[in-house]
Amino acid sequence: MKRNYISLIIFIITTLVLASCSPNVSKNITKNYLPQIPDTNFKFYYYSNDVPVNTDIIGTLSITDAGFTTNCDSISIFNLAKMEVGQSGGNALLITRHSKPSVFGSNCHQIDGMILKILDSSEVEKLSETSPVAGESISNTTINMQDFKFEKPRSLPRAIFSLDGGYSRRTGKIHPDLSDAQKDYFENFISGFAWDISGSYISKSNYGVRLTYLQHLTSHSENAYNEYGERVGSLTESHTITYIGPAITGYEAFGKNKNWIINSYAGVGYMRLYSHATTIITNTNYFDGTIDDFITGSTIGYQAGIGLDYKITPLLGVGINAELIGGQIKEIESNGYTVFLEQTEGIGQFRIIAGIRYYIK
């Protein structure tokens, strides 16, 4: 009894595996003809105007991916189509859809078509006695059908969402009139942590639009001293540079399975500098407490970059970008007062960032 169950399970599994390896075939036959073996005269047509006048429409054929299908290369699919058309009594197939393998969809060739019987003169004469449309040009039949137009499979997703982090370095120069000590202090805010989040929409032409929100973050802490060089407490200062804006993008997929995506982008947006310095005074006889200083400034900036992605799966990938963010501040708000700068301050950065990608087919 146990052996019977084991044999049954093996039979079911084998059947499922064999079935899953074969494409799904669907036919709708409306006219009866004797089956025939396809020969060298069998024709595939892609345009209805190429079909001979003396042609009868037998039905429709669809060959699609059944899931886990293996034998679905172009030769196998078209040979299968010839066999199915022959079994239905046809000797030609008008292709109305041909889908090639895509990393974002099926790995199979898939086709839809109209099963045709190209008639000789005797068959036309015989059928015309029973069917008023037998042998009529396919372009004049009542079936709603358009010429087949091959569409290149889409190798790029329709949308990409990215989350990145990495290194950024400010490109603006330190004011030359500052003292050496001040220059050394501001050197601490040149390099920082970069992160961004972005979303892109890609058209069929491989161009699209991108919206990015990014920040450059840096901070520094040190002891605070008075004019006599005496330590009086501690100083902590943080700088945050924010950019948000749209960009025009261009994408191209390459590689054997189109798993690599290179992209470039350029745009303009809004930039803002926010600086917060906190001085804690503890070692003086006349004052103990905290002093906060705030500086803000904003401007119109620009973004330009290039990136390279690798698709791990059709939905997830990783990528790296190199980009340049630019902007100049002409005035700032310092503790509630507007200050016009004698020399503009650059808040642009050069950034190297990497992260994850989420693709929408």
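The values are calculated or read from the model by the stated rules, or taken from the named source; none is laboratory data. Remember, it's a predicted structure, so these values are computed and weren't measured experimentally. Note: ideal-geometry Cβ built from the backbone for every residue, glycine included; neighbour counts use all protein chains shown.
Quick notes on this one:
- Each residue in the range 173-187 was checked for being surrounded by 12 or more Cβ atoms within 10 Å (Cβ to Cβ) and farther than 10 Å from Gln343 by Cβ, and 6 pass.
- In the range 223-275, of all residues being among the basic types (Lys, Arg) and over 26 Å from Arg210 (Cβ atoms), the one that is surrounded by the fewest Cβ atoms within 10 Å (Cβ to Cβ) corresponds to Lys256.
- Filter pass, Gly327 being surrounded by 19 or more Cβ atoms within 10 Å (Cβ to Cβ) and under 21 Å from Lys173 (Cβ atoms): yes
- Test: residue in the range 31-39 that is outside any loop (DSSP other than H, G, I, E, B) and of a type in the set (A, V, I, L, M): no
- Per-region count, the range 33-75, residues at pLDDT below 85 and closer than 17 Å to Gly86 by Cβ: 6
- Condition check for Ser221 on (1) under 26 Å from the mean Cα position of the chain (by Cα); (2) assigned to a strand (DSSP E or B): one failure, at (1).
- Verdict on Val85 being out of contact with any strand residue (DSSP E or B) (no Cβ under 6 Å at 6 or more places or on another chain) and assigned by TED's automatic domain parsing to the domain that holds Leu116: no
- With respect to being in contact with a Phe, Trp or Tyr (Cβ under 8 Å, 6 or more places away or on another chain) and among the aromatic types (Phe, Trp, Tyr), Tyr270 fits the description.
- Residues satisfying the stated conditions in the range 334-361, i.e. surrounded by 14 or more Cβ atoms within 10 Å (Cβ to Cβ) and of a type in the set (D, E, K, R): Glu345, Arg351, Arg357
- Boolean, Phe186 is of a type outside the set (S, T, N, Q), part of a helix (DSSP H, G or I) and modelled with pLDDT under 90: yes
- Number of the condition not met by Tyr167 [criteria: (1) out of contact with any Leu (no Cβ under 6 Å at 6 or more places or on another chain); (2) modelled with pLDDT under 85]: (2)
- Any chance Thr290 is assigned by TED's automatic domain parsing to the domain that holds Ile190, touching a residue at least 24 places away in the same chain (Cβ under 8 Å), of a type in the set (Val, Ile, Thr) and touching a strand residue (DSSP E or B) at 6+ places or on another chain (Cβ under 6 Å): no
- Filtering the range 169-183 to residues that are touching a residue at least 24 places away in the same chain (Cβ under 8 Å) and not in a strand (DSSP E or B) leaves Thr171, Gly172, Lys173, His175.
- Figure legend. Inter-residue proximity from the range 307-328: first residues basic (Lys, Arg), second residues assigned to a strand (DSSP E or B), beta-carbon distance below 6 Å, spacing 6+ or different chains. Indicated pairs: Lys311/Gly317.
- Exclusive hit being touching a residue at least 24 places away in the same chain (Cβ under 8 Å), in contact with a Phe, Trp or Tyr (Cβ under 9 Å, 6 or more places away or on another chain), assigned by TED's automatic domain parsing to the domain that holds Asn321 and not in a helix (DSSP H, G or I), set Ser234, Ser198: Ser198
- Thr141 vs. criteria among the polar types (S, T, N, Q), surrounded by 14 or more Cβ atoms within 10 Å (Cβ to Cβ), over 30 Å from the mean Cα position of the chain (by Cα) and modelled with pLDDT of 75 or more: no
- Boolean, Leu341 is in contact with a strand residue (DSSP E or B) (Cβ under 9 Å, 6 or more places away or on another chain), without any contact (Cβ under 8 Å) to a residue 24 or more places away in the chain and farther than 30 Å from Pro101 by Cβ: yes
- Among residues of the range 204-226 being modelled with pLDDT of 90 or more and among the small types (Gly, Ala, Ser), the one that is farthest from Pro157 (Cα to Cα) is Ser219.
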